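Asks: Below is a structure I'd like to ask you about.
The values are calculated or read from the model by the stated rules, or taken from the named source; none is laboratory data. Model, not experiment: these values are computed from the prediction. All Cβ positions, glycine included, derive from the backbone under ideal geometry; neighbour counts span all protein chains shown. All accessible areas refer to the heavy atoms of the entire protein, side chains included, with ligands and DNA or RNA removed. Shrake-Rupley method; radii C 1.70, N 1.55, O 1.52, S 1.80 Å.
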Amino acid sequence: MNRPADAATLETAAPLVEDSAAALVARARIEPVGDRCLLIRLGDAVDLATNRAVHAVTALIDAYKPAAVIEAVPAFTTVAVHYQPSRCPREGDLPSVWLTRQIEALLRRDLPRIDNTGRVVEIPACYGGDFGPDLEDVARQCGLAPEDVISLHSGSPLTLYAFFFSPGNPFAGPLDPRLNVKRRSSPRTRVEAGSVAIANGLSSIYQSASPGGWNVIARTPWNLFQVDRQPPTRLRLGDQLRFKPISPDEFHDLLEPRP
């Protein structure tokens, strides 16, 4: 059965992740995306080392921001650097070439230290039934009992890698490898708000009701995004998400309003 890593394991793993992140930064590729954005590619795998590299590079750009840069936006394996061409030197190279050289020089600096843990956030989740219509199918695909899927999904914290798909949608991992399932072969036209879903080694929460193709195994009563708050997201990048199984009655008691 899945267990949280003990302190000794975490102390051993952390330097390995840092070394891997530094190696990814050393091999980074920078390419233009239109005339106002550069994309820094840091890897092909969505994992802890790539995530660490992404956020270290984002912090580096924020700390030593070239005059033309407007914003650095982290994703799963890339950092998008949005810039204003008119702020680049008028003589010499194209703005994209000039800024690429500036970023290449930044990436040769020592990487800032990124917090290894983040907050631990316990998220209530009601598994199975109407709340998790794909739980039984995921169990069948993985050769597990439904209760084992619940234990593996809720047994260890998942690192929040990125917000994606729609405002406030968190994507976290890595999942226990025993929960290795792909997206559904037939996407749903409607996935209920708060649905907790898994696919491709990651877990996500649908903040709003929308179409979706991931395997829904639970639902949380929490509202994770409110546009009138600052910041509007309840969770933060790097948070450690731990799902806490709850009953349907507890779900309804904890249900939060949505706009």
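Asks: Would you kindly calculate the translational diffusion coefficient of the chain, applying Stokes-Einstein with the Kirkwood radius from alpha carbon pairs, for 20 °C and a viscosity of 1.002 mPa s, and quote it in µm² s⁻¹ without decimals?
Replies: 108
Asks: First measure r as the distance between the Cβ atoms of Glu192 and Val73, then evaluate 1/(1 + (r/R0)^6) with R0 = 35 Å and state the FRET efficiency to the nearest 0.05.
Replies: Approximately 0.80, to the nearest 0.05.
Asks: Using the basic label-point model (7 angstrom from Cα toward the beta carbon), what is the Leu255 to Glu122 distance in nanometres?
Replies: 2.3
Asks: Roughly what % of DSSP beta bridges within the chain run antiparallel, to the nearest 5?
Replies: 85
Asks: With the Cα gyration tensor of the stretch 62-165 giving a ≥ b ≥ c as the square roots of its eigenvalues, does the rule (a/c under 1.5 for rounded; else a/b larger than b/c for prolate; else oblate) give rounded, prolate or oblate?
Replies: Numbers: a/c = 3.77, a/b = 2.87, b/c = 1.32.
In terms of gyration-tensor shape, prolate.
Asks: Return the tail of the calculated pair distribution for the stretch 187-259, meaning the percent of Cα-Cα pairs more than 18 Å apart. Display every interim value, and only then the final one.
Replies: Numbers: 1160 of 2628 pairs.
Tail of P(r) above 18 Å: 44 percent of Cα pairs.
Asks: Could you list which residues have their amide H under 5 Å from that of Glu71, counting only those 5 or more apart in sequence or on another chain, with H placed in the peptide plane?
Replies: Hits under the 5 Å cutoff: His82.
Asks: Once you order the gyration tensor axes a ≥ b ≥ c over the Cα atoms, which shape class does the stretch 164-217 get: rounded for a/c under 1.5, otherwise prolate or oblate by comparing a/b with b/c?
Replies: oblate
Asks: Determine which residues of the stretch 107-148 fall in the zone a paramagnetic label at Ser247 would reach in this model, i.e. backbone nitrogen under 17 Å from the point 7 Å along Cα→Cβ.
Replies: Answer for the stretch 107-148: 124-131.
Asks: List the relative contact order of the chain as a percent without decimals, with contacts defined as Cα pairs under 8 Å and 6+ residues apart.
Replies: Taking the mean separation of contacting Cα pairs over the length of the chain, I get 18 percent.
Asks: Would you tell me the accessible area of Lys244, worked out with a 1.4 angstrom probe on the heavy atoms of the protein chains, in Å² to the nearest 10?
Replies: 100
Asks: Relative to the present Cα-Cα distance, how much length would full extension add between Phe165 and Val227 at 0.36 nm per residue of separation?
Replies: Extending this stretch completely gives an extra 20.7 nm.
Asks: While we're looking at this one, here's another question. Under a crude label model (7 Å from the Cα following the beta-carbon direction), how far is Asp35 from Arg178 in nanometres?
Replies: 5.6
Asks: Can you give me the long-range amide H partners of Ala209? Hydrogens built in the peptide plane at 1.01 Å from N, cutoff under 5 Å, separation of 5 or more residues or another chain.
Replies: Ala193
Asks: Karplus couplings for the stretch 179-192 from phi (6.51 cos²θ - 1.76 cosθ + 1.60, θ = phi - 60°), rounded to Hz, Gly and Pro as x?
Replies: Result, ordered by residue: 9, 7, 10, 8, 4, 4, 5, 10, x, 7, 7, 8, 10, 5 Hz.
Asks: Based on the mean of other beta carbon atoms within 10 Å per residue, what is the order of 147-157, 80-90, 197-207, most packed first?
Replies: Numbers: 147-157: 19.0, 80-90: 15.1, 197-207: 21.5.
Taking the mean over residues of other Cβ atoms within 10 Å, the ranking is 197-207, 147-157, 80-90.
Asks: Hey, another quick one. How big is the gap, in Å, between the Cα center of the stretch 138-196 and the Cα center of the stretch 75-118?
Replies: When both Cα centres are located, 33 Å separates them.
Asks: Counting only heavy atoms of protein chains, what accessible area per residue, in Å², does the stretch 133-236 have with a probe of 1.4 Å? If you can, show how the numbers build up before the last one.
Replies: Details: 4640 Å² over 104 residues.
Heavy-atom accessible area per residue stands at 45 Å².
Asks: Going by average Cβ neighbours within 10 Å, how do the peptides 225-233, 94-102, 120-128 rank, with the highest at the top?
Replies: 120-128, 94-102, 225-233
Asks: Amide H neighbours of Val46 under 5 Å, at least 5 residues apart or on other chains, H built in the peptide plane: list them.
Replies: For Val46, no residues qualify.
Asks: At a 1.4 Å probe, what is the % contribution of carbon and sulfur to the accessible area of the chain?
Replies: Here carbon and sulfur together make up 52 percent of the probe-accessible area.
Asks: Still on this structure: In the chain, if the dipole is taken from +1 on Lys/Arg beta carbons and -1 on Asp/Glu beta carbons about the Cα centre, which of Ser166, Ser203, Trp98 is farthest to the positive end?
Replies: Trp98
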